[in-house]
Amino acid sequence: MYLLRLAIKSLGNRRFSALLTVIAIGLSVTLLLAVEKVRTEARSSFASTISGTDLIVGARSGSVQLLLYSVFRIGNATNNVRWDSFEHFASHPRVDWAIPLSLGDSHRGFKVMGTNQSYFDHYRHGRDQALTFTAGAPFDDLYDAVIGADIARELGYELGTELVLAHGTGAVSFVDHGDKPFQVSGVLARTGTPVDRTIHISLEGMQALHVDWQQGMPARGAAAVSAEDARELDLTPTAITAILLGLNNRISTFAVQREVNQYGGEPLQAVLPGVALQELWSLLGMAEKALFIVSVFVVLTGLVGMLTAILSSLNERRREMAILRSVGARPRHVFALLLLEAASLAIAGILLGLGLLYLGLWIGQPLILSQYGLFIAITPPGLYEWTLLGAILLASILMGSVPAWRAYRQSLADGLSIRT
Amino acid sequence: MRPTPFIIGSLLAVISVASAAHDHDEHGHEHESLSAHEHGVGSLNLVVDGGEVAIELVSPANNLLGFEHLPASKADKAKVKALQAQLNDASSLFVFPAAADCSLEEVELSSPLFETEDGHEHEHEHEHSDESAESHADIQAHFHFNCTQEAALDQIQVALFSAFPGTERLLLQAIGPKGQQGGELTATQNLIRF
Ligand SMILES: [Zn+2]
């Protein structure tokens, strides 16, 4: 205890360099913990995006690609699913419910998705949580739209707001569907998933938008079908983008999967969302690992900085050591003193790092949520974080033993006096 | 710190990788879409529902037998017979926790190689041999286990790799008590944890 006080007093004498060392360690610890935090939170937020769906069916492509466009609304489908294929599998005896998804249009950067009532009945996220409305109800009229929580907040839309959808999802050369405006009929509660950033319309609404289109261009003049005239037409869709399937019995999952994969009508593919998600993680694992390694190296840099600071102070402190020896300190006390110095620097750095992390989380949480829709829970460090911090402390003590050993040898050689 | 753009960015990068990787096994999709016919690689589907465990193995015959042609010689026929016996005794291929008290209920095997085994239906055999002489042959096996102590069923060890050294990887799709999981099983990573 006495030695510790001595170590801290001695550091106090060199408070400027000590402070810089603590800040360097603190910042590196913040970076490491933040990287880990974002990694784990992003992982759990992705994993909770879809639950309760047994199979996702789409055109044949990669399983990760199918998961990304159907669930995360990232990227685009290479091919469509014909409507009769949807009807075939929706009425399959082993299928409990089927949600059709039709993507392709957008509104001010948000994706528009055509679907039907079963989406609101059966889509689940997190731990089996259903979608709920903060205002309004599912679409009822042909030109009704249900918007996610982010859209309501970011664009300031509410019930009754009129919106014009744009054709396609690209950022350039939009052709819009100005002739058939939609009205907000419902606002969904926040889910923390891509649902918050999606505009939901009925499949018939989606069909009405494109009923007079030819070769990807709107009809002109007499060929155009007005919004009211479209109501009289048969608006059964011809194709959709993907299907989410819930089965009566999960033991039949693989049998239905095989049936989809071997379906004679058109080349289709069924993936288990949980399996595709794991495939996605294994692909992302490399990037995650690289990020982790970089932050570990940043921490090591901080510790090396500490090592340099202590080592370079040793020469100036020969007199200090000699005085310590003269009042009865043994070389091993000098050794311990320097180890304690390294440890206290590291502990101060870790505490500063934790403080900065939580300050950053506290400030950043609402910003990250509003900007990127990623909810980062502020939780106390778990076992994993403590292990990391313990490893940092251990590394700092190991590094501290280098100057400690030198000081030990020096004070053996110098004895009680010092020749300068 | 802007984490999500990074994540999305890597996701988008991954899409191209993933679709490129997929183009590879496109040719194998004609018949058994779960896995391409790639020697050394099989697919394993597994569902745990209460105490009932259903396992489905689809593997190129080569992984299990060392050849894929219809067994003509006496030695080949003996090999096929031995393989059938080995698969029928599936309790040595899948190791359950002892506390779960699992027992093998049923095994169903199917493969063009097994059909000719009995020798009945000669015409049928010939039709097949025309195809199979050139194309690859798969072996499909369904195993059903029943466990009386389902709460103790927290993992299953797949011992197929030591039994069949020709099998390098198994692409796993599993539905456990806590949900779906996927991945790849190998001789060193042969444990499915729930
Ligand atoms: Zn459009």
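The values are calculated or read from the model by the stated rules, or taken from the named source; none is laboratory data. Bear in mind that the values here come from a model prediction, so they are computed numbers and not experimental data. Here Cβ is always computed from backbone atoms with ideal geometry, including for glycine, and neighbour counts include all displayed protein chains. In case anyone asks, the SASA skips ligands and DNA or RNA and just uses the protein heavy atoms, side chains included. Shrake-Rupley method; radii C 1.70, N 1.55, O 1.52, S 1.80 Å.
Some notes on this structure:
- Hey, A:Pro403 buried (at least 19 other Cβ atoms within 10 Å of the Cβ), at pLDDT 85 or above and out of contact with any Gly (no Cβ under 9 Å at 6 or more places or on another chain) or not: yes
- Applying the criterion of being closer than 30 Å to A:Thr161 by Cβ and within 14 Å of another protein chain (Cβ to nearest Cβ) to the residues of the range A:83-112, the residue that is nearest to the ligand (Cβ to nearest atom) is A:Lys111.
- Residues that are under 19 Å from the mean Cα position of the chain (by Cα) and of a type in the set (A, V, I, L, M), drawn from the range A:250-292: A:Val275, A:Ala276, A:Leu277, A:Leu280, A:Leu283, A:Leu284, A:Met286, A:Ala287, A:Ala290, A:Leu291
- Cβ-Cβ contacts under 9 Å between residues 6 or more apart (or on different chains), taken from a first residue in the range A:201-222 that is away from chain B (no Cβ under 14 Å) and farther than 18 Å from A:Met113 by Cα to a second residue that is more than 11 Å from the ligand (Cβ to nearest atom) and open to solvent by less than 20 Å² (accessible area, probe 1.4 Å), are listed as A:Asp212/A:Ala230; A:Pro218/A:Asp212; A:Ala219/A:Asp212.
- Residue in the range A:129-173 that is farthest from the ligand (Cβ to nearest atom), counting only those that are surrounded by fewer than 18 Cβ atoms within 10 Å (Cβ to Cβ) and assigned to a helix (DSSP H, G or I): A:Arg153
- Among the strands (runs of 3 or more DSSP E) confined to the range A:46-121, the ones with at least 3 residues that are open to solvent by 10 Å² or more (accessible area, probe 1.4 Å) are located at A:95-107.
- Meets criteria (away from the ligand (no atom under 14 Å from the Cβ), surrounded by 14 or more Cβ atoms within 10 Å (Cβ to Cβ) and among the β-branched types (Val, Ile, Thr)) for A:Val211: no
- A:Val225 of a type in the set (A, V, I, L, M, F, W, C), within 16 Å of the ligand (Cβ to nearest atom), more than 14 Å from chain B (Cβ to nearest Cβ) and without any contact (Cβ under 8 Å) to a residue 24 or more places away in the chain: yes
- Condition met for A:Asp176 (in contact (Cβ under 8 Å) with a residue 12 or more places away in the chain, of a type in the set (D, E, K, R) and within 16 Å of the ligand (Cβ to nearest atom)): yes
- Sole residue being within 13 Å of chain B (Cβ to nearest Cβ) and within 30 Å of A:Ala130 (Cα to Cα), chosen from A:Ala34, A:Ala47: A:Ala47
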